[in-house]
1. Does the stretch 19-27 contain at least one residue that is under 19 Å from the mean Cα position of the chain (by Cα) and either free of Cβ contacts under 8 Å to residues at least 40 places away in the same chain or assigned by the TED database to the domain that holds Ser348 (or both)?
2. Just give me the residues in the stretch 212-239 being on the phi < 0 side of the Ramachandran plot and part of a loop (DSSP other than H, G, I, E, B), in sequence order.
3. Could you give me the residue pairs with C-beta distances under 8 Å whose first residue belongs to the stretch 56-72 and is over 18 Å from Asn38 (Cβ atoms) and assigned by the TED database to the domain that holds Asp43, whose second residue is of a type in the set (D, E, K, R) and part of a helix (DSSP H, G or I) wherever it lies, and which are 6+ apart or on separate chains?
4. Run down Gly391, Gly318 and say which single residue is touching a strand residue (DSSP E or B) at 6+ places or on another chain (Cβ under 8 Å), buried (at least 21 other Cβ atoms within 10 Å of the Cβ) and at positive phi.
5. Can you report the number of residues in the stretch 171-212 which are within 16 Å of ligand 2 (Cβ to nearest atom) and either outside the structural domain of Ile240 (by the TED database) or under 19 Å from the mean Cα position of the chain (by Cα) (or both)?
6. Looking at Arg411, is it away from ligand 2 (no atom under 16 Å from the Cβ) and touching an Asp or Glu at 6+ places or on another chain (Cβ under 8 Å)?
7. When the residues of the stretch 163-187 are narrowed to those that are within 14 Å of ligand 1 (Cβ to nearest atom) and touching a Phe, Trp or Tyr at 6+ places or on another chain (Cβ under 7 Å), which ends up farthest from Ala92 (Cα to Cα)?
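The values are calculated or read from the model by the stated rules, or taken from the named source; none is laboratory data. Note that this is a predicted model, so its numbers are computed, not measured. No Cβ is skipped: glycine too gets one built from the backbone with ideal geometry, and neighbour counts run over all protein chains shown.
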Amino acid sequence: MTAPRKLHIKSYGCQMNVYDAQRMVDTLAPEGFVETANADDADLVILNTCHIREKASEKVYSELGRLRTAKDEAARNGREMKIAVAGCVAQAEGSEIIRRAPVVDVVVGPQSYHHLPQLLAKAKTDGRAVETEFPVEDKFASLPDPKPAMIRARGISSFVTVQEGCDKFCTFCVVPYTRGMEVSRPVARIVDDVKRLADNGVREITLIGQNVNAFHGEGENGKPWSLGQLLHRLADIPGIVRLRYSTSHPRDVDEALIEAHRDIPAVMPFVHLPVQSGSDRILEAMNRKHTAADYARTVERFRKVREDIAFSSDFIVGFPGETEEDFSATLALVRQISYAGAYSFKYSPRPGTPAADMQETVTTTVMDERLARLQELIDSQQAAFNAAVIGKTVDVLFERAARNPGQIVGRTAYLQPAHVMASPDIIGQVLPVAVESLERYSLIGALAGADVSPVSSPKISQPANTSLSAMTTGA
Ligand code: SAH
Ligand code: SF4
Ligand code: F3S
């Protein structure tokens, strides 16, 4: 038997890349690859890249510089190190990578990584291999299932891709070009995946997609199902106690999704709903296809069915043409909605997108200043949201042993980390925690009540926790 080959994957960017990296490990496991945390002693290093902003994209080339030294060092020791670039930069700049970085052996786009074994073989014979087509066959159908031991090692919370690609063409965004057109997976395949995960200890599923609520996969009755219908089906799978989904587009929120929040206890009352800007003029220039008022109404529709629901968002400051007045509208919308948290970014012009041809009007200094003001407001809302839980009892799904001996860490419905002193037996269970204090972003508390019976029922009840409702005001 040959010695296992070592594989190191470094992922940048979004949750989809995290998921893809796991699937690359699954794809290469039958080839004898095992993961290593250290790039220097790997036989194969994969950079799973992100193209969303210039900074993310440029990281690839600096990382490849470092890897060249490691590859040379390996060669001096009589060892061969192969280097692959995967992900969205591979898709967008495949030929440039080959030209700029001779150290790279394989370039593989996000829709082709199920061909990694063949591409590695090709690189061995031909020197280098590139695949950035959008192949006609379904990548998911060709990916080997993860081994039970691998699922268990990855923990009790798992991502599952249900939808990929995007047809929205926001003027600033590369995703429609790097991930291709919107494609939804069939419900039966998703159900198989979730059952396999649940059978191996997974309790929480986050359904992911670049535009997850545009999901319209073939249902079990042969008709297209919405995300709301899918959530109903998955909530019936024994072992699954929490369901989340990310990322949603405000335009694609339908009644079935809102009702899923009302009717399915496992669907968590926390929604990432990016708005990007609060100015209608800028939203129009971004081609978001909704106004700030439409967005606020959508948020209200959710809040009507679940008063304890909380929101997070993404914002871009300094989009071409953004005036102080436009930016004030963004701050006003943030005040109106009151977020549990949000990501905010300085606009980065991306080659090939319509916005890259627009006249940039906002200086770096003004962008920095707007970003700081926006982040200060969001931080204060997040701090208030987190502080509101002190003294309350909240449900926590326990995930793993914490760094401090004896402590177990889990997450609340709102993904706040919560630490308690307890036996590791509670991992995988949802238990009430009396929250005593807040240390940075982590809640510290104690298990409420002595009754720590194991979770065995398919749907763990997540009662609309009135103690949390105060948190949505964020004030
Ligand atoms: N599909 C998701 C988000 C995809 S990208 C959605 O529709 O919201 C994640 C975030 O990166 C975006 O929400 C946006 O805030 C940010 N982003 C995308 N392109 C950007 C760019 N060119 N410059 C700055 N931020 C950008
Ligand atoms: Fe990009 Fe817009 Fe699609 Fe989101 S909806 S992935 S921001 S094009
Ligand atoms: Fe980045 Fe591609 Fe995700 S560009 S954000 S890795 S879809």
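1. Yes, some residue in the stretch 19-27 is under 19 Å from the mean Cα position of the chain (by Cα) and either free of Cβ contacts under 8 Å to residues at least 40 places away in the same chain or assigned by the TED database to the domain that holds Ser348 (or both).
2. Listed by number, the residues that qualify are Phe215, His216, Gly217, Gly219, Glu220, Asn221, Lys223, Trp225, Ser226, Asp236, Ile237, Pro238.
3. Listed pairs, sorted by first residue: Ser57/Glu93; Tyr61/Arg100.
4. Gly318
5. Narrowing the stretch 171-212 to residues within 16 Å of ligand 2 (Cβ to nearest atom): 171-184, 207-212.
From what's left, either outside the structural domain of Ile240 (by the TED database) or under 19 Å from the mean Cα position of the chain (by Cα) (or both): 173-184, 207-212.
Within the stretch 171-212, residues that are within 16 Å of ligand 2 (Cβ to nearest atom) and either outside the structural domain of Ile240 (by the TED database) or under 19 Å from the mean Cα position of the chain (by Cα) (or both) number 18.
6. For Arg411, the condition - away from ligand 2 (no atom under 16 Å from the Cβ) and touching an Asp or Glu at 6+ places or on another chain (Cβ under 8 Å) - is met.
7. Per the criteria, the residue is Gln163.
Results for (1) within 12 Å of ligand 1 (Cβ to nearest atom); (2) touching a helix residue (DSSP H, G or I) at 6+ places or on another chain (Cβ under 8 Å); (3) within 25 Å of Gln15 (Cα to Cα), shown as yes or no for each residue.
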| site | (1), (2), (3) |
| --- | --- |
| Asp236 | no, no, yes |
| Arg242 | no, no, yes |
| Thr247 | yes, yes, yes |
| Glu255 | no, yes, no |
| Ser277 | yes, yes, yes |
| Arg288 | yes, yes, yes |
| Ala292 | no, yes, no |
| Ile309 | no, yes, yes |
